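Report on the following structure.
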Amino acid sequence: MRRLVILGGGTAGTMVANKLRAQYTPGELEITVVDRDDNHHYQPGYLFLPVGIYSDDKIVRSRHHFIPDGVELVLGEIDRVDAPRKVVHLEDGRELYYDTLVIATGVEPRPDLTPGADSPDVHHFYDLPHASALTEAFKEFRGGRLVVHLTDMPIKCPVAPLEFTFLADAYFRERKSRKKVEIVYVTPLDGAFTKPIASRELGTMFEKRDIGLEADFAVERIDTEAKELISFDDRHVPYDLLVSIPLNVGPEYVARSGLGDDMNLVPCDQHTMRSLEHPDIFVLGDGGTLQTSKAGSVAHFSVDVFMENWPYYLAGEPLPHSFDGHANCFIETGHGRGMLLDFNYGTQPFTGGFPLPLVGPMTLLGESRANHLAKLAFRFVYWDFLLRGRPLPFTTDMHLLGKNVEGEASGTSNKDLLLSPFKRKPAKPATKSRKSSRPRPAPHPDPQRSRPPSSASRTKTPTPAQPVPDYVAAKGVDSTADAADILPDPIIPKF
């Protein structure tokens with residue numbers, strides 16, 4: 001029996017637990033999921049709280065409700081991972097031994113890393129307490145300058161600050177108070193939409209909504225007494241109500257474990273999500289160094305690739321299936337309309353129809369009612385299908401069907417997509433039986449998991465390690481550098 005420990009019971013962790021339990025019995029694969037509490041949050045819902053579309057009860061449910069029978073859910077804080085010994089240490093002293101580890105604890109907002117950003121008067125919507133506080137602030141706001149500020153990249157759902165800006169504009173217009181509110185969007189990037197096609201198609205959205213833009217703004221600190229954002233090049237942006245999206249970094253246990261870079265992101269292969277230093281560790285969800293968006297769709301598609309590679313991993317063979325960085329993101333634009341972006345590592349968002357050309361019904365890089373309805377409907381899809389590992393009608397690899405391809409693009413061609421149901425799937429690793437394909441793990445420690453396995457058992461039939469490629473850590477932010485050099489190449493696609 002092989003022991004799998006999944007750190008994080010969010011989107012990626014819950015999906016993996018459900019998919020693997022459906023394929024392997026508890027006698028074949030022992031699965032343990034670790035998280036700090038029993039509350040599973042539908043994080044896209046935070047965005048809708050301040051503008052009155054959702055309430056708290058719509059976005060929080062019990063983790064136990066989505067963890068399948070035969071999977072152990074351990075509640076507790078993670079202290080550190082001892083990767084050489086393959087043991088997870090919890091803060092209360094418990095030890096969980098593993099043969100394979102999945103890190104799916106994502107990233108978290110850290111306003112304390114920017115001077116002044118952790119003030120109670122500085123708001124964001126990247127966790128439930130702050131989204132609830134912003135909801136109350138919106139109710140009390142009677143007019144003045146609303147500043148929506150993006151501190152740095154990468155962040156969870158990189159389009160969310162834009163969505164919030166558009167929703168705020170619609171919120172005040174519907175309440176007949178928009179003339180009393182000035183809205184300014186402040187970003188460290190060189191524009192709200194920086195990819196050529198996206199900029200061409202969407203570049204007038206701010207102007208039409210009378211939203212100001214302050215670009216190339218690398219924030220040094222927030223002066224809460226003067227109510228100003230202050231940049232490294234000494235620009236000052238005053239505000240009356242500030243929504244400042246903080247730095248998003250990985251959890252501290254990653255740093256204590258020596259597994260992460262200077263943002264506590266775990267270096268991993270861009271196509272297999274396998275740790276570059278530890279072949280028995282995979283990073284799914286937002287917590288790794290994938291050069292694509294930190295979004296729920298990426299968790300979904302990367303988990304699908306992980307599942308396709310799992311039998312080969314168990315057999316000690318190279319992992320043949322490759323994640324292409326596929327992500328699709330809805331952008332709420334207010335007044336019951338929305339946009340859809342579909343892209344991957346090698347393809348920027350294009351115009352067109354999704355999932356079918358001309359028919360749609362969703363519009364790429366264009367506003368439509370269908371996009372808005374699809375965004376709202378996804379909450380039901382998330383709870384009832386995605387988390388439970390049920391199949392969804394979306395291709396893991398990005399397809400080009402329906403897209404108006406301009407310039408370079410990588411993805412499944414129309415012909416290949418239509419013929420794919422008739423193609424033979426790649427053969428799985430040759431094995432005599434299901435059990436014989438799996439390397440034998442060390443015997444399970446005692447029920448309290450308080451003693452490590454014996455030295456003899458730890459060396460028994462080891463898994464063949466894959467070659468580990470070199471990793472070049474991401475460049476950290478130098479507070480003394482020129483502001484123009486702070487973000488040379490953001491880790492996520494720019495729109």
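The values are calculated or read from the model by the stated rules, or taken from the named source; none is laboratory data. In this text, all values refer to a predicted model and were calculated from it rather than measured experimentally. So basically every Cβ, Gly included, is an ideal-geometry build from the backbone, and we count neighbours across all protein chains shown.
Here are some notes:
- Scan of the stretch 1-25 for residues that are surrounded by fewer than 21 Cβ atoms within 10 Å (Cβ to Cβ), touching an Asp or Glu at 6+ places or on another chain (Cβ under 9 Å) and outside any helix (DSSP H, G or I), ordered by number: M1, R2, R3
- Residue in the stretch 307-327 that is closer than 24 Å to I53 by Cβ and either in contact with a helix residue (DSSP H, G or I) (Cβ under 9 Å, 6 or more places away or on another chain) or aromatic (F, W, Y) (or both) present: yes
- Test set (1) polar (S, T, N, Q); (2) free of Cβ contacts under 8 Å to residues at least 60 places away in the same chain; (3) in the same structural domain as G10 (by TED's automatic domain parsing) - T100 fails condition number: (2)
- Whichever residue in the stretch 50-78 is touching a Phe, Trp or Tyr at 6+ places or on another chain (Cβ under 7 Å) and hydrophobic (A, V, I, L, M, F, W, C) and, among such residues, is surrounded by the fewest Cβ atoms within 10 Å (Cβ to Cβ): V51
- Positions within the stretch 161-203 being assigned to a loop (DSSP other than H, G, I, E, B), of a type in the set (S, T, Y) and out of contact with any Gly (no Cβ under 8 Å at 6 or more places or on another chain), in sequence order: T187, T194
- Failed item, numbered, when Y312 is tested on (1) more than 28 Å from P109 (Cβ to Cβ); (2) crowded, with 18+ Cβ neighbours inside 10 Å; (3) not assigned by TED's automatic domain parsing to the domain that holds A255: (3)
- Y253 falls short on exactly one of the conditions (1) assigned to a loop (DSSP other than H, G, I, E, B); (2) in contact (Cβ under 8 Å) with a residue 24 or more places away in the chain, and that condition is (1).
- With respect to the conditions (1) outside any loop (DSSP other than H, G, I, E, B); (2) farther than 26 Å from M1 by Cβ, L73 falls short on a single one, namely (2).
- Here G212 meets each of (1) assigned to a strand (DSSP E or B); (2) under 26 Å from the mean Cα position of the chain (by Cα) with one exception, condition (2).
- Restricting attention to the stretch 307-349, the residues that are in contact with a Gly (Cβ under 9 Å, 6 or more places away or on another chain) and more than 22 Å from L392 (Cβ to Cβ) add up to 2.
- Some residue of the stretch 142-153 being closer than 30 Å to K179 by Cβ, in contact with an Asp or Glu (Cβ under 7 Å, 6 or more places away or on another chain) and surrounded by fewer than 22 Cβ atoms within 10 Å (Cβ to Cβ): yes
- Condition check for R85: surrounded by fewer than 15 Cβ atoms within 10 Å (Cβ to Cβ), touching a residue at least 24 places away in the same chain (Cβ under 8 Å), of a type in the set (K, R) and not in a helix (DSSP H, G or I): yes
- Residue match in the stretch 233-248 (condition: part of a loop (DSSP other than H, G, I, E, B) and touching a Cys at 6+ places or on another chain (Cβ under 6 Å)): no
- Boolean, L319 is in the same structural domain as C268 (by TED's automatic domain parsing) and of a type in the set (A, V, I, L, M): yes
- Meets criteria (in a loop (DSSP other than H, G, I, E, B), more than 19 Å from the chain's Cα centre (by Cα), over 30 Å from A315 (Cα atoms) and of a type outside the set (A, V, I, L, M)) for P129: no
- The one condition in (1) outside any helix (DSSP H, G or I); (2) free of Cβ contacts under 8 Å to residues at least 24 places away in the same chain that V51 fails to fulfil: (2)
- Qualifying residue in the stretch 149-170 (condition: outside the structural domain of V298 (by TED's automatic domain parsing), among the charged types (D, E, K, R) and free of Cβ contacts under 8 Å to residues at least 60 places away in the same chain): no
- Filter result (out of contact with any helix residue (DSSP H, G or I) (no Cβ under 9 Å at 6 or more places or on another chain) and assigned to a helix (DSSP H, G or I)) within the stretch 135-160: T135, E136, A137, K139, E140
- In the stretch 118-132, of all residues being over 21 Å from A226 (Cα atoms) and touching a residue at least 12 places away in the same chain (Cβ under 8 Å), the one that is surrounded by the most Cβ atoms within 10 Å (Cβ to Cβ) corresponds to F125.
- Every pair of residues 6+ apart whose Cβ atoms lie under 8 Å, when the first sits in the stretch 372-384 and is more than 13 Å from V60 (Cα to Cα) while the second is surrounded by fewer than 17 Cβ atoms within 10 Å (Cβ to Cβ) and charged (D, E, K, R): D384/R390
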